[in-house]
1. Could you compute the net charge surrounding A:HIS113? Neighbours are other residues with a C-beta less than 14 Å from the C-beta of A:HIS113; K and R count +1, D and E count -1.
2. At 7 Å along Cα-to-Cβ for each site, give me the label-to-label distance between A:GLN71 and A:ASP8 in nm.
3. I want to check the label-to-label distance for B:GLU69 and B:TYR95. Put each point 7 Å from Cα in the C-beta direction and report it in nm to one decimal.
4. Quick query: amide H of B:GLU30 versus all other amide H atoms, modeled in the peptide plane; which residues come in under 5 Å with a sequence gap of 5 or more or a different chain?
5. Please work out how much accessible surface A:LEU102 shows to a 1.4 Å probe, ignoring ligands, DNA and RNA, in Å² rounded to 10.
6. Other chains' Cβ within 10 Å of B:51-59 residues: what's the mean?
7. Determine, from the Cβ-Cβ distance of B:ILE77 and A:THR55 and an R0 of 45 Å, the FRET efficiency 1/(1 + (r/R0)^6), rounded to the nearest 0.05.
8. Could you tally the net charge around B:MET88, taking each other residue with its Cβ under 13 Å from the Cβ of B:MET88, Lys/Arg +1 and Asp/Glu -1?
Amino acid sequence: AQSVTQLDSQVPVFEEAPVELRCNYSSSVSVYLFWYVQYPNQGLQLLLKYLSGSTLVKGINGFEAEFNKSQTSFHLRKPSVHISDTAEYFCAVSFSGGYNKLIFGAGTRLAVHP
Amino acid sequence: DVKVTQSSRYLVKRTGEKVFLECVQDMDHENMFWYRQDPGLGLRLIYFSYDVKMKEKGDIPEGYSVSREKKERFSLILESASTNQTSMYLCASRYRDYEQFFGPGTRLTVL
C-alpha cells in the first residue's frame, strides 16, 4: 500500500538554528511531492512542490527540500529558523494513476524557541 | 489569488443531527476535496469530486455524503452526526494535476 511517513511528530529547535523535517514514502510508481504548512487555526498553505526536474526544490519562507528517489525521501530543510516558523508541517505525495489523490503524512509540529 | 472559503469556522451540533458543511472556490477548479484532520493522523480523504455531479469515495467515506451541483461549490453532509465525527474538516480545490488549495477549515464538535 502507498504510504507517507513523517519520522518526527515534534521537533523543538532554538531560533536561528537549522532544522530538517523528515519525510519518507513507499511507492514503486512516479510521484509528485509536496510540503504544506499549517499555522494555528488556519488551513494548509503550500510551501514547495516537486513535480519533475531538479531534485532540489526551493519554496517560500526560506525552506527547501530534496527529492531522493533511491531513498524515497523528501526531507524539508531551513538553515536558520524564526519564531514565526512555529507551525505544523505536512508532507504529501501524489501517486501517478487514478485521480492523483494526495496522501498525507501525520504531520510534524515544529516548535521554535527563543 | 485562489480563494477557498468554508461556511463556518466553528460548529457545534448534537448527536443525530444532519450537518451541512459548505465549501466554495473562486478559480473555476475542476477538482474539489473534503478531508478530516485528527491529531496524529494527518489529513484523511473523505470524498472528492472531479466534475459537477461527479464524486468518488476517499479513504473514510462512511457516515458522510457529498453534493456538487455547481462547479464552485462542494458540500459535505453528515446524515446523522455522531461524536466520533468531531474533528477539523478541510476543503480543497485543484486544477488538474497541480497543487491543492485549502480553505481555513471548520472545527466541528458533536455533543
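The values are calculated or read from the model by the stated rules, or taken from the named source; none is laboratory data. Note that the coordinates shown come from a computational prediction; the quantities given were computed from them, not determined experimentally. Positions of Cβ are backbone-derived with ideal geometry, glycine not excepted, and every protein chain shown enters the neighbour counts. All accessible areas refer to the heavy atoms of the entire protein, side chains included, with ligands and DNA or RNA removed. Shrake-Rupley method; radii C 1.70, N 1.55, O 1.52, S 1.80 Å.
1. -2
2. 1.4
3. 2.7
4. Amide H neighbours of B:GLU30: B:ARG94, B:ARG96.
5. Ignoring ligands and nucleic acids, A:LEU102 comes out at about 10 Å².
6. Values: counts 0, 0, 0, 0, 0, 3, 0, 1, 2.
Counting Cβ atoms of other protein chains within 10 Å of each residue's Cβ and averaging gives 1.
7. For R0 = 45 Å, the calculated efficiency reads 0.60.
8. Numbers: positive: B:ARG9, B:ARG36, B:ARG44, B:ARG107; negative: A:GLU88, B:ASP38.
So the surrounding residues net to +2.
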